[in-house]
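Coordinate-derived values only; no laboratory data. Remember, it's a predicted structure, so these values are computed and weren't measured experimentally. Counting neighbours? That spans all protein chains shown, and the Cβs are built from the backbone with ideal geometry, glycine included.
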Amino acid sequence: MAQEEYPDAAGASQPAESPAARSIKKSGVLWGELAIKSWLASCSFISIVTTAAIVILLLSETLNFFENVSPGEFFFGTTWTPLFEPSSFGVLPLVWGTLIVTIGAALIAIPTGLASAIYLSEYASDRMRSTIKPVLELLAGIPTVVYGYFALTFVTPVLRNVFPDIQVFNALSAAIVVGIMVLPMVATMSDNALRAVPISLRQGAYALGATSYEVTTRVVVPAGLSGVMASFLLAISRAIGETMAVTLAAGQTPNMSLSMFESIQTMTSYIVQVSLGDTPSGGVAYQTLFAVATLLFAITLVINIISQMILNRFREVYE
Amino acid sequence: MPLTTEQESRHLEKRHRKARFFAIFCAAITWSSVLLLAVLLYQVSIEGFRWLDWQFISSFPSRFPERAGIKSALVGTIWLISLVALISIPVGVSTALYLEEFAGKGKISKIIEVNVANLAGVPSIVYGILGLAIFVRFFALERSLISGALTMSLLILPVIIIASREAIKTVPQGIRNAAYSLGATKWQTTWAHVLPASFPGIMTGVILALSRSIGETAPLIMIGAMTFVAFLPEGPMDSFTAMPIQIYNWVSRPQEEFHELAAAGIIVLLAVLLAMNATAIFIRNRTERRMK
């Protein structure tokens with residue numbers, strides 16, 4: 001117990017001690033207290049330092065990059081060939097690749113995730129729920145490289161049977177596995193949001209003669225909408241930042257094709273490609289790493305902030 | 001125009017049919033995602049099980065699939081996770097204690113709170129770039145275990161902080177007041193009462209965070225964990241490989257045998273993760289029962 005280390009805490013049992021000695025010991029405790037508090041405070045500043053380091057690093061290297069390449073070319077160029085001659089630094093193909101994988105993943109994860117959340121919160125018995133929720137959490141905990149394996153050895157072969165002209169590396173397969181990957185997140189977060197809707201709202205609607213479908217779609221989901229929307233946005237932000245599954249499944253071909261049957265390259269898989277190769281540090285090709293990462297960081301940050309704003313601003317507070 | 005009774009009952013019938021259909025639809029969707037997990041696990045196990053033997057666990061990677069194993073990756077992952085735990089648990093729990101017990105509700109704690117929430121959403125590959133620039137290059141730690149561990153610690157810190165804070169929040173204020181009334185200082189109260197009371201919750205969060213760091217691949221690729229390591233690391237400054245890196249390497253090769261090796265590696269990885277998750281769930285259930 002702490003009393004043994006700090007005898008003055010049990011001061012009454014030591015009458016022999018003079019008041020002066022006690023106050024010296026007391027100040028020793030306070031100094032210790034202060035030291036511990038400073039240690040705890042400095043630990044919590046690590047998170048601030050991390051953020052500062054990320055922002056400063058990304059911005060400074062990106063500014064260096066923009067000394068070599070004009071921002072106009074970077075943001076509006078439609079050819080991305082930074083690693084070989086003639087080099088061209090239009091980032092749009094990478095953004096496009098990220099976009100179609102994300103849209104595809106969202107089209108899979110959002111409806112199925114919401115339907116699962118509705119089942120869990122509105123229809124499932126407690127026993128069902130306590131079976132399914134851990135399974136969903138388990139799905140959410142599977143490393144992304146495993147989903148990459150799943151894409152290459154399972155999803156793509158199935159797709160090739162259905163669509164014979166699909167490439168070995170293709171955006172569709174990546175979108176499907178990323179969708180599966182973020183589905184549990186949508187389901188569990190939306191489930192939490194729907195369960196926070198008070199039972200009295202449901203009972204009110206049932207009392208007016210509504211069916212379970214009407215109660216769910218017109219009362220429960222609208223009431224929990226802020227949490228549901230936030231889960232969608234976080235899932236989208238995770239899909240954008242997803243790296244390994246996309247790198248393995250979608251290939252390394254930056255292009256702006258509308259077809260999901262072709263190989264594409266996302267922002268994240270470009271970063272992996274550069275770091276796996278032996279690009280010398282300091283050159284323009286190395287700087288592209290930071291320019292692309294800054295863009296990625298900015299996009300996900302904006303989405304995360306919007307989702308937090310939705311949660312804070314539109315949260316319905318029920319007494 | 002008023003509806004006849006027959007029309008009304010048909011309308012009602014239709015609404016109820018819609019409701020039934022919707023319920024079945026939602027259940028089907030949910031169960032199919034559970035089924036998907038089963039398919040995934042089945043697929044992995046039939047592919048990989050044949051390769052999974054002692055030889056696989058105890059061999060170094062090789063160009064020849066039949067001689068290849070996961071030894072260096074397994075040892076690398078154990079090293080990495082131990083270092084990450086040593087770094088991230090004290091820092092993460094300290095931060096949570098500071099925010100909940102010491103910082104008050106002022107501006108600084110609000111800033112740190114928002115900051116941690118945003119850090120939790122930063123893509124893992126961005127942490128990889130940070131680790132590459134700061135630890136590998138700037139501090140010249142090279143492509144070593146310690147670079148990987150520091151990078152991974154930064155990555156999971158927000159998770160540990162958020163989970164620990166939630167756990168600390170559940171400690172009733174009465175416990176603190178009782179300690180204060182006996183003359184305990186703030187730290188004595190925190191150390192002797194708040195921390196033990198929130199310990200199970202903190203442990204659950206820590207285990208889940210560590211299991212996330214076992215599976216993370218992208219940051220390790222960024223800081224340059226090697227894909228072909230035929231030796232075991234002996235200290236934090238040695239270069240290393242880890243299980244997800246080895247799996248990535250095998251998956252990205254064209255030969256079928258290597259895909260099956262990857263499946264065997266995935267079985268080992270998932271077994272480790274499952275064991276950690278089960279521990280976390282066990283701790284959670286036990287404390288839930290005790291709280292009641």
Select from region B:9-102 those trypsin sites (Lys or Arg not before Pro) which occupy a DSSP coil region and have at most 12 other Cβ atoms within 10 Å, ordered by residue number.
B:Arg63
Which of B:Val39, B:Val93, B:Val251 moves most in a GNM of chain B, Cα contacts under 10 Å?
B:Val39
Could you please rank B:Arg165, A:Arg127, placing first whichever residue has the fewest other Cβ atoms within 10 Å of its Cβ?
A:Arg127, B:Arg165
Rough spin-label spacing in nm, given labels placed 7 Å along Cα→Cβ, for B:Arg253 and A:Ala140:
3.6 nm
With only Lys, Arg, Asp and Glu charged, each at its Cβ (+1 for the first two, -1 for the last two), find how big the charge dipole of the protein assembly as shown is about the Cα centre; round to the nearest 20 debye.
1740 debye
So for R0 = 35 Å, FRET eff. of B:Trp191-A:Ser130 from the Cβ-Cβ r, to 0.05, ends up at 0.50
Which pairs, out of A:Lys37/B:Lys107; A:Lys37/B:Lys169; A:Lys133/B:Lys107; A:Lys37/A:Lys133, put more than 28 Å between their alpha-carbon atoms?
A:Lys133/B:Lys107; A:Lys37/A:Lys133
Are there any chymotrypsin sites (Phe, Trp or Tyr not before Pro) in region B:198-292 that are in a DSSP loop and have at most 16 other Cβ atoms within 10 Å? List them by number.
B:Phe228, B:Phe231
I need the shape label for region B:56-291. Rule: rounded when a/c is under 1.5, else prolate if a/b > b/c, else oblate, with a, b, c from the alpha carbon gyration tensor.
prolate
Would you grab the residues whose amide H sits under 5 Å from the one on A:Ser88? Only those 5+ places off in sequence or on another chain, please, with H modelled 1.01 Å from N.
A:Thr81
Among A:Leu57, A:Leu248, B:Leu130, rank each residue by its count of other Cβ atoms within 10 Å, from fewest to most, as a rough exposure measure.
A:Leu57, B:Leu130, A:Leu248
Just B:Leu132, B:Leu97, B:Leu37 to compare: in a GNM of chain B, with alpha carbon springs under 10 Å, which one fluctuates most?
B:Leu37
Likely footprinting exposure, A:Tyr213, B:Tyr127, fewest C-beta neighbours within 10 Å first:
A:Tyr213, B:Tyr127
With 0.36 nm assigned to each residue of separation and the Cα-Cα distance removed, B:Ser82 to B:Asn285 gains 70.5 nm
Scan region B:134-225 for chymotrypsin sites (Phe, Trp or Tyr not before Pro) in coil per DSSP, keeping those whose Cβ has at most 14 other Cβ atoms within 10 Å, and list them by number.
B:Phe139
Region B:142-292: relative contact order from alpha carbon pairs under 8 Å, six or more residues apart, as a whole percent, is 30 percent
Choose one answer from A:Ala171, A:Ala239, A:Ala115: the residue with the largest mean-square fluctuation in a GNM of chain A with alpha-carbon springs under 10 Å.
A:Ala115
Using θ = phi - 60° and Karplus 6.51 cos²θ - 1.76 cosθ + 1.60, couplings along region B:252-264 (whole Hz; Gly, Pro as x)
7, 7, x, 5, 4, 4, 5, 4, 5, 4, 4, 4, 4
Roughly how far apart, in whole Å, are the Cα centres of region B:26-47 and region B:86-123?
37 Å
For chain A, list the DSSP H helices whose alpha carbon atoms reach 27 Å or more along the long axis and whose average Kyte-Doolittle value is 0.5 or above?
A:19-68, A:92-118, A:171-195, A:284-313
For the protein assembly as shown, what does the alpha-carbon gyration tensor say about shape, rounded, prolate or oblate, given a ≥ b ≥ c as the root eigenvalues, a/c under 1.5 as rounded, and a/b over b/c as prolate?
oblate
Prolate/oblate/rounded call for chain A, Cα gyration tensor, a/c under 1.5 rounded
oblate
Using each residue's phi in region B:210-224, evaluate 6.51 cos²θ - 1.76 cosθ + 1.60 at θ = phi - 60° and report the 3J(HN,Hα) Karplus result to the nearest Hz, with x for Gly and Pro.
5, 5, 5, 6, 5, x, 5, 10, 4, x, 5, 4, 4, 7, x
